[in-house]
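Inspection log for the structure reproduced underneath, given as structure tokens.
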Amino acid sequence: MNIPHFLFWLEASPFGAFTRGLGVWSYGIINLVHILGIVMLFGSILLLDLRLLGVWRSIPLSALSRPTVTLAMTGFFIAVASGIPMLAVKAGDYSDNPFLLIKFPAIALALLNVWLVHRSEAWRAHRERALVPHERRRLALGASLSLAFWLTAITSGRMIGYW
């Protein structure tokens, strides 16, 4: 199933009809929840990535990583849980929207980057010891990619409504 067919299917699905039938305020409330999820996600990612890039070196990375990762995961799941019904309301209208075709691959690349960073020896070591220069550079590269991918996803997501 290609993307335009999936979008038309989603809009015509019982879930799409249910979401459209929730009432006049429902889309705005779902959108607000989506924005709050994005704020939780990107706000925590921004703090962690800036630390990985060398800002706030006086704060131990191990002290910052646990709460920011937890908050980012929570924000991501809130954004997904609210984004799907937002999309379902009028998914067919987005079938030729280029920003939708940028947003989802950017999210996929961001998630792949998270997976690769978290599997790295540098990430595993940061809780137990000070990192050596090549490990700091590896995590800084991951942080740079993270910021690029998430900012691309957020910007293209915002632009979907203006296409």
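Below, the figures for the structure above:
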{"item": "Approximate spin-label separation TYR27-THR74, in nm, with each point projected 7 Å along Cα-to-Cβ", "result": "3.0"}
{"item": "Estimated vicinal HN-Hα couplings, Hz - the range 96-113 in sequence order (Karplus 6.51, -1.76, 1.60; Gly, Pro = x)", "result": "10, 7, x, 5, 5, 6, 8, 4, 5, x, 5, 5, 4, 5, 5, 5, 4, 4"}
{"item": "Summed side-chain charge close to ARG119 - residues other than ARG119 whose Cβ falls under 15 Å, Lys, Arg +1, Asp, Glu -1", "result": "+1"}
{"item": "Residue order for ILE154, ILE107, ILE29 - accessible surface, 1.4 angstrom probe, largest first", "result": "ILE29, ILE154, ILE107"}
{"item": "Separation of alpha-carbon centers, the range 24-95 and the range 96-154, rounded to whole Å", "result": "14"}
{"item": "Highest-fluctuation residue, GLY21, GLY43, GLY75 considered, GNM on the chain with Cα pairs under 10 Å", "result": "GLY21"}
{"item": "Cα gyration tensor of the chain - equivalent ellipsoid semi-axes, whole Å, descending", "result": "35, 16, 12"}
{"item": "Ranked order, HIS118, HIS5, HIS34 - accessible area, probe 1.4 Å, largest first", "result": "HIS5, HIS118, HIS34"}
{"item": "12 Å tail of the calculated P(r), the range 33-86, as % of Cα pairs", "result": "61"}
{"item": "Cleavage-rule hits, trypsin sites (Lys or Arg not before Pro), the range 83-163, DSSP coil, Cβ neighbours within 10 Å at most 10", "result": "ARG129"}
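The values are calculated or read from the model by the stated rules, or taken from the named source; none is laboratory data. Remember, predicted model here, so these are calculated numbers, not experimental data. All Cβ positions, glycine included, derive from the backbone under ideal geometry; neighbour counts span all protein chains shown. Quick note on the areas: whole protein, heavy atoms, side chains included, nothing else; ligands and nucleic acids left out. Shrake-Rupley method; radii C 1.70, N 1.55, O 1.52, S 1.80 Å.
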